[in-house]
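Please treat every number below as a calculation from the coordinates, not as lab data. As the structure is a computational prediction, the values presented were derived from the model and not from experiment. When we count neighbours, we look across all protein chains shown, and the Cβ atoms used for this are built from the backbone with ideal geometry, even at glycine.
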Protein chains: 2
Amino acid sequence: MFEAAEIGNSVAKADYDVRVPALRVDLINAQYDLRHAEFSVVVVLTGDDRAGVNETLNVLHEWMDPRWIRTRAFDAPSAEERERPGFWRYWKELPRRGQLSIVIGDWSTRAILARLSGRVSDAHWARTLEHIESFERMLADDGTLLLKFWLHLPKKELKRRLKRARTDDGAALRVDATDRLLYEHYDDAQPVAEQVLRKTSTAATPWTVVESTDAHYRDLTVAGGVLAALRARQASGRPLAPPAVASAADADPHTTVLGSVDLAALLPYDVYRARLLELQSRLRARSRKARKKGVSSVVVLEGWDAAGKGGVIRRIVRGLDARDYRVVPVGAPTEEESAHHYLWRFWKQLPRAGKLVIFDRSWYGRVLVERVEGLASAREWRRAYSEINDFEDQIVEHGSALAKFWLHVSPDEQLRRFEAREKTPYKKYKIGADDYRNRDRWDEYVAAVDEMVARTGGVEAPWHLVPANDKRFARVAVLETLCGVLERALDRA
Amino acid sequence: MFEAAEIGNSVAKADYDVRVPALRVDLINAQYDLRHAEFSVVVVLTGDDRAGVNETLNVLHEWMDPRWIRTRAFDAPSAEERERPGFWRYWKELPRRGQLSIVIGDWSTRAILARLSGRVSDAHWARTLEHIESFERMLADDGTLLLKFWLHLPKKELKRRLKRARTDDGAALRVDATDRLLYEHYDDAQPVAEQVLRKTSTAATPWTVVESTDAHYRDLTVAGGVLAALRARQASGRPLAPPAVASAADADPHTTVLGSVDLAALLPYDVYRARLLELQSRLRARSRKARKKGVSSVVVLEGWDAAGKGGVIRRIVRGLDARDYRVVPVGAPTEEESAHHYLWRFWKQLPRAGKLVIFDRSWYGRVLVERVEGLASAREWRRAYSEINDFEDQIVEHGSALAKFWLHVSPDEQLRRFEAREKTPYKKYKIGADDYRNRDRWDEYVAAVDEMVARTGGVEAPWHLVPANDKRFARVAVLETLCGVLERALDRA
């Protein structure tokens with residue numbers, strides 16, 4: 001979930017100064033309208049960037065009318081609070097219709113901290129996650145607009161801040177012992193936070209992970225997200241409409257997960273040949289071990305048209321025994337497939353023990369082509385993220401290896417390949433008017449990939465974004481990653 | 001969840017013979033219409049009455065057109081099935097739109113059996129419950145009409161059947177070793193089954209628990225439930241409409257949970273005085289211990305108008321120290337309360353450690369008066385059951401004692417009391433036109449109580465239905481039950 005918030009988003013001072021005045025006016029107006037609205041708003045502001053949470057909170061108070069903001073900060077529960085069930089204090093402080101609350105130290109954050117303390121059993125933890133989900137669903141069902149922002153600071157940035165605090169008095173004021181503790185436990189904390197974010201990101205109450213390194217970007221994203229959600233809700237009037245959530249791209253359309261991929265990566269032919277043969281032989285060995293141990297593998301290949309998926313697949317299977325793998329090309333669903341749930345055709349194709357299945361395009365079509373082309377409704381593709389997460393959780397829990405790739409090329413490189421295909425007799429069939437048409441929606445696909453990575457990535461089922469302007473680099477990168485994923489699954493088996 | 005299915009429902013042979021022919025025609029017609037419908041139907045047929053499941057399955061095949069029924073029976077997973085994630089075999093066999101499947105040995109049943117075997121860890125169990133919930137939510141979101149019937153056999157009836165099998169060859173054919181095992185483990189199995197049923201009874205996919213003792217009643221309830229749900233869905237056309245689920249009362253409107261309460265129960269004055277004083281002193285002792293141990297108590301008093309709630313409360317508090325308790329009278333919500341989630345005002349009132357709060361009417365107003373009077377929409381009160389279950393789970397998990405009472409009087413007794421109130425000067429204020437008007441909806445309230453007990457009762461938070469035609473009997477019964485509940489909470493603390 002955090003990959004999409006480690007890509008160096010930032011907003012220049014001059015740009016920031018231009019945007020803020022208009023944003024402030026819009027926010028105040030939205031607040032004014034809210035006072036007569038039939039719903040309440042709860043903004044959860046949290047994350048691993050503790051200083052950032054406080055700064056953004058102050059900025060929101062400065063930009064909005066503070067008289068109409070109720071801020072509720074929850075620390076470790078007091079003696080009196082511990083006398084009631086855990087959610088009592090949150091319930092008590094819920095805003096009424098027409099009010100906006102900002103919550104600091106919310107239920108999810110407190111749960112993560114308790115879990116990290118080691119005092120929470122597995123069974124208690126599972127119940128807590130359920131209560132969080134029920135609580136948020138209840139609020140959303142009741143019409144509350146619940147906006148959850150997680151301010152994320154990459155580990156190296158936190159380290160940099162702590163270091164600077166040693167020499168700079170101003171910076172020192174903004175960090176304390178808890179931040180140092182946070183740094184020490186960073187690697188333990190991230191998977192726990194990620195689990196909570198995945199589990200509690202439903203269609204109605206998704207988390208927005210905000211890259212927090214650059215304060216301008218962070219504040220514009222949060223404030224802009226609050227504004228967009230308020231406006232969307234006031235416009236739709238529907239009590240159950242999922243909020244339009246600010247993607248990290250809203251503040252600066254040029255920084256996206258795909259934008260962070262280094263397309264200049266390339267591999268000279270000699271190196272490529274040697275690495276390829278070495279990796280194919282490594283894959284062959286692992287695949288034999290997987291057959292013996294009964295560990296199956298699921299490989300997902302997504303990417304732009306002409307990004308080279310076919311070539312990658314050929315290089316993978318060359319490392320495998322024919323009876324061990326199967327390639328599933330995924331196109332438009334058949335009539336029979338359309339008459340079932342969209343996941344049905346993918347469930348059916350899951351590999352037996354020890355086998356490997358390569359999906360050439362996959363269930364992600366739901367949140368890519370079906371979203372962009374309007375083949376799925378907003379309700380449908382929004383809830384697909386948690387449906388997909390549940391599907392992949394089951395694959396991973398079963399002990400299978402799961403490797404997901406997006407092959408990334410630039411629009412120019414794609415065009416070059418399209419044109420080359422038209423000139424090559426045996427590749428001509430691979431190109432049609434559709435392919436050119438899809439190029440018009442490039443930016444929409446970029447936004448869809450952004451949200452896909454943010455909502456379905458993570459420790460258990462990460463996305464691998466592969467630079468594929470150089471086909472050789474892409475093939476080696478995929479094979480190498482695949483070997484690694486398979487090895488980890490074998491270690492767990 | 002099972003209380004409402006242990007009340008002796010039955011349908012006489014003559015009545016059954018009259019109803020079946022029309023039901024068969026309607027079922028066949030509904031099946032015919034379904035073939036062109038835009039949704040699929042999955043009927044889950046399971047329960048602790050194994051023989052009943054088979055008999056009902058056969059009856060459905062007889063009454064419906066078997067060519068248009070796909071039956072899928074799942075046993076322990078085969079070697080091939082175990083090679084994939086657990087839900088693979090269920091996904092694979094899902095019907096397409098326009099088809100109806102009956103599933104025997106469904107995901108919930110298999111999960112319960114695995115859990116009872118002791119081979120499933122707490123963490124794995126929690127994940128399984130989540131996957132079941134996600135799976136069913138996905139199907140419902142996709143438009144599948146999912147109907148889940150749990151055929152319940154009270155323990156004493158199972159015992160009777162096993163006994164009869166020893167002497168009667170016909171009966172012997174219908175029981176086997178698994179049934180004997182089931183009987184031995186009955187008390188362990190019921191709480192596990194109940195947990196699954198509670199957790200997976202959502203507004204869109206509720207369980208219908210069917211009393212299975214009488215075969216006529218059982219078959220009519222299941223077949224009638226399938227028909228009603230099909231008809232409701234075909235009429236509404238809405239893809240997300242919650243199915244109209246057959247309550248156990250549909251087949252025979254005279255048998256209800258309230259109908260099973262023995263209103264003839266009474267207590268002579270002398271016995272009453274002695275028992276009352278004894279129980280008040282027992283309650284006083286327990287309440288002191290609760291204060292010391294920090295165990296709080298939540299008492300819910302519901303019941304008909306003039307059922308004697310006030311008198312019961314006065315007898316409870318006489319056994320308590322004034323600083324230990326609080327009575328919360330619940331009426332129509334204030335303007336401030338209406339501007340919040342309906343549970344907000346109840347959360348706020350939860351007791352501190354060691355204290356006792358009596359709710360004179362409660363959150364159950366949502367599924368009683370608000371349902372019957374149309375103050376809450378069907379969407380709202382249908383989802384309230386799981387909202388209430390989550391609320392009460394948190395109270396119980398916190399270690400508090402929770403005691404829920406429904407004071408039951410007959411319509412005649414109520415009328416007598418209304419008239420008496422009008423004649424008593426100091427009670428006259430207690431009676432108004434509303435009270436008489438509510439009597440017109442008696443049957444609707446009876447049905448609402450039935451569903452309330454079925455969906456929110458259970459081992460952790462059972463309903464106590466108290467016969468209150470005799471006020472003395474009711475007071476003693478409530479006090480005695482309350483002492484018991486408090487004692488169990490103290491033992492756990």
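Phi angles across the stretch A:415-420 convert, under the Karplus curve 6.51 cos²θ - 1.76 cosθ + 1.60 with θ = phi - 60°, into 3J(HN,Hα) values of 4, 4, 5, 4, 5, 5 Hz, Gly and Pro given as x. Distances between placed amide hydrogens fall under 5 Å for B:Val210 paired with B:Trp150, B:Leu151, B:His152, all partners being 5 or more residues away or on another chain.
For the stretch B:3-255, lysine pairs separated by 8 or more sequence positions, or belonging to different chains, with Cα-Cα distances below 27 Å total 13. Take every Cα pair under 8 Å whose residues are at least 6 apart in sequence, average their separation, divide by the length of chain B, and the relative contact order is 19 percent.
Position A:Arg166: other-copy label points at 8.2 nm, ordered by increasing distance, label point 7 Å along Cα→C-beta. With the gyration tensor restricted to C-alpha atoms of the stretch B:3-255, the semi-axes of the equivalent ellipsoid amount to 26, 25, 16 Å, longest first.
Applying the Karplus relation 6.51 cos²θ - 1.76 cosθ + 1.60 with θ = phi - 60° to the stretch B:59-67 yields 3J(HN,Hα) values of 4, 4, 5, 6, 7, 9, 7, x, 5 Hz, where x marks Gly and Pro.
Select from the stretch A:264-302 those trypsin sites (Lys or Arg not before Pro) which occupy a DSSP coil region and have at most 11 other Cβ atoms within 10 Å, ordered by residue number. Display every interim value, and only then the final one.
Numbers: sites: A:Arg273, A:Arg275, A:Arg282, A:Arg284, A:Arg286, A:Arg288, A:Lys289, A:Arg291, A:Lys292, A:Lys293; in loops: none.
Counting only loop positions with at most 11 other Cβ atoms within 10 Å, none of the trypsin sites (Lys or Arg not before Pro) in the stretch A:264-302 qualifies.
Since only B:Val209, B:Ile7, B:Val196 are under comparison, the one whose Cα sits farthest along the positive direction of the charge dipole of the stretch B:3-255, derived from C-beta charges on Lys, Arg, Asp and Glu, is B:Val196. Below 14 angstrom from the Cβ of B:Phe87, what's the summed charge of the other residues (Lys, Arg +1; Asp, Glu -1)? Charge balance in the 14 Å sphere: -3.
Quick note on the protein assembly as shown: its Rg to Rh ratio, both from C-alpha atoms and Rh being the Kirkwood radius, is 0.99.
What number does the stretch B:67-123 give for Rg over Rh if you use C-alpha atoms and the Kirkwood radius? Before the final figure, lay out each step's value.
Numbers: Rg = 13.1 Å, Rh = 12.7 Å.
We get a ratio of 1.03 for the stretch B:67-123.
Averaged across the residues of B:333-341, what count of C-beta atoms belonging to other chains lies within 10 Å of each residue's C-beta?
So the per-residue partner count for this stretch is 4.
Classify the stretch A:265-318 from the C-alpha gyration tensor, please: rounded if a/c falls under 1.5, else prolate or oblate depending on whether a/b exceeds b/c. Oblate, because a/c is 1.5 or more while a/b does not exceed b/c. Separation of the stretch A:410-433 and the stretch A:1-71, taken as the distance between their Cα centroids, equals 45 angstrom. If R0 is 25 Å, the Cβ-Cβ spacing of B:Ser281 and B:Val396 corresponds to a FRET efficiency of close to 0.40.
Taking every residue in A:390-397 and counting other chain Cβ atoms within 10 Å of its Cβ, the average works out to 5.
Could you pull the copy-to-copy label distances for B:Asp262, with points set 7 Å along Cα to Cβ, in nm to one decimal and sorted shortest first? Values, ascending and in nm: 8.3.
Label separation (A:Asp440 vs A:Asp176): 5.7 nm, computed from points 7 Å beyond Cα along the C-beta direction.
Across the stretch A:3-255, the mean sequence separation of Cα contacts (distance under 8 Å, 6 or more residues apart), normalised by length, yields a relative contact order of 30 percent.
Based on the alpha-carbon gyration tensor of the stretch B:339-493 and its eigenvalue square roots a ≥ b ≥ c, which shape applies: rounded if a/c is under 1.5, prolate if not and a/b is larger than b/c, or oblate? If you can, show how the numbers build up before the last one.
Numbers: a/c = 1.84, a/b = 1.29, b/c = 1.42.
Because a/c hits 1.5 or more and a/b fails to exceed b/c, the stretch B:339-493 counts as oblate.
Here A:Lys427 is the anchor, and the aspartates and glutamates within straight C-alpha reach of less than 14 Å, apart from those fewer than 8 places off in the same chain, are A:Asp305, A:Glu419, A:Asp435. For the stretch B:1-131, what class follows from the C-alpha gyration tensor (a ≥ b ≥ c being the square roots of its eigenvalues): rounded when a/c is under 1.5, otherwise prolate if a/b is larger than b/c, else oblate? Oblate, since a/c reaches 1.5 and b/c is not below a/b.
Trypsin sites (Lys or Arg not before Pro) within the stretch B:16-123: which are DSSP loop residues with at most 10 other Cβ atoms inside 10 Å? Of the trypsin sites (Lys or Arg not before Pro), the ones in loops of the stretch B:16-123 whose Cβ has at most 10 other Cβ atoms within 10 Å are B:Arg119. With the alpha-carbon atoms of the stretch B:296-362 aligned to their principal axes, the span from lowest to highest coordinate is 37, 32, 13 Å, starting with the largest. Amide hydrogen proximity for B:Leu402: with H placed 1.01 Å from N in the peptide plane, the residues at 5 or more positions away or on another chain lying under 5 Å are B:Val298.
Normalised Debye scattering of chain A at q = 0.07, 0.10 Å⁻¹ gives log10 I(q)/I(0) of -0.42, -0.85, counting only Cα atoms as equal scatterers and leaving out solvent. In nanometres and ascending order, the distances from the B:Ala332 label point to those of the other copies are 5.8 (point 7 Å from Cα along Cα→Cβ). The charge dipole of the stretch A:372-433, taken about the Cα centre with unit charges on the Cβ atoms of Lys, Arg (+1) and Asp, Glu (-1), comes to about 540 debye, rounded to the nearest 20. Placing a label point 7 Å from the Cα of A:Arg127 along the Cα-to-Cβ direction, no residue of the stretch A:191-226 has its backbone N under 17 Å from that point.
Under a model in which nothing but the beta-carbon of Lys, Arg (+1) and Asp, Glu (-1) is charged, chain B shows a dipole of about 1840 debye around its Cα centre. For the protein assembly as shown, the dipole from Cβ point charges (+1 on Lys and Arg, -1 on Asp and Glu) about the Cα centre works out to 1820 debye, to the nearest 20. Between A:Trp304 and A:Leu407, A:Val409, the built amide H atoms are under 5 Å apart, and every one of these is 5 or more places off in sequence or on another chain.
Can you give the calculated 222 nm mean residue ellipticity of chain A, where each DSSP H run of n ≥ 4 adds -39,500 (n - 2.57) and the sum is split over every residue, rounded to the nearest 500 deg cm²/dmol? Mind showing how you got there, number by number?
Numbers: 21 runs with 260 residues, N = 493.
After summing the helix terms and dividing by residue count, I get -16500 deg cm²/dmol.
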